[in-house]
Amino acid sequence: MKEAVVVRPRDDPPGAPGGDPGPRRAGGGDLDLDGIRAADVIARGVRGVEPGEVPGRLCEVAVELLPVIGASVSLRSEGMPVQLSASSAQAARLAQMQATLGDGPCQSVLEEGAPVFACDLTSGRDAGRWPVFAQQATEAGVRAVYAVPLGSDAACVGTLDLYRDRPGVLTDRQLHVARLVAGVMTVALMALPRETEAAPRDEEPWLSGLAADHDEVYQAVGMIMAQLGVGADDALARLRADAFARGRTALDVAREVIAHRRRFER
């Protein structure tokens, strides 16, 4: 399914919320100026930060630059997306909701490789496209989600999700800034030392520490496989189903399994 197409009214006065941002120089000069300003904020935000902390700091920068209340970043992975960082506990929870449900704008971006903008989760097409996620998100105080792919046109490796507490579209300028942050996020993630590379001893392996939550989920999946005598896909499906039935996230249930507070029966 294609992303929701949003058309902003062009008869709004320049500078009005959601309206045309005003005159632009030929070649998109105003957007370039916005990009320069955003680049300055990004540079200040990540200056002196350890590589493993950059994704989280960029999520915070996105909230500073854009009219959103939270941001999270996830990577494509087999089974469930790897939720790496978030600007707040609320944003992390929303990312985990989508991973648990296997549904939502983040999941759609990973499937389609194109931006997905859910501009109103309270009604209409967006609420109908992801009904369960939309209900849970609105209960958590989020009314719109803007998901931007990480990677290139040839390959989507993850997603930057932006959460807003009121319905509405992003202006062209704001979308330009969101894509800039996503581009810097992609470069930062690809620059982290990988386990297959001969990284210096003082550098952490790629995603070390960032994907700890994901590791817990798959540790629990292994335990469920042993308990039920099933494969990894079935064990993950049971974990997700149990989380959904009890109004929890997959990570919540995984921690219960690891702590031996939750056991699955055949």
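The values are calculated or read from the model by the stated rules, or taken from the named source; none is laboratory data. If you're wondering where the values come from, they're calculated on a predicted model, not measured in any experiment. Ideal geometry is used to build each Cβ from the backbone, glycine not excepted, and the neighbour counts take in all protein chains shown. Accessible surface is based on the protein model in full, side chains and every heavy atom, while ligands, DNA and RNA are left aside. Shrake-Rupley method; radii C 1.70, N 1.55, O 1.52, S 1.80 Å.
Side notes on the structure shown:
- Based on Cα contacts under 8 Å between residues 6+ apart, segment 107-148 shows a relative contact order of 48 percent.
- Inter-part distance where segment 101-158 and segment 215-266 are each reduced to a Cα centre, Å: 25 Å
- Modelled label positions at Asp234 and Glu112, each set 7 Å beyond Cα in the direction of Cβ, lie 3.4 nm from each other.
- Surface composition of segment 30-119: carbon and sulfur make up 49 percent of the accessible area, probe 1.4 Å.
- Segment Glu64-Ala43, length gained on full extension (0.36 nm per residue, minus Cα span): 6.3 nm
- Residue separation of Ile258 and Gln135 scaled by 0.36 nm, minus their Cα-Cα distance, works out to 41.4 nm of gained length.
- Take 49-62, 97-110 and order them by the average number of nearby Cβ atoms within 10 Å per residue, most first; the result is 97-110, 49-62.
- A simple charge model with +1 on the Cβ of Lys and Arg, -1 on the Cβ of Asp and Glu and nothing else charged puts the dipole of segment 84-182 at about 240 debye relative to its Cα centre.
- Distant-in-sequence amide H partners of Val157 (H built 1.01 Å from N, under 5 Å): Leu150, Gly151, Ser152
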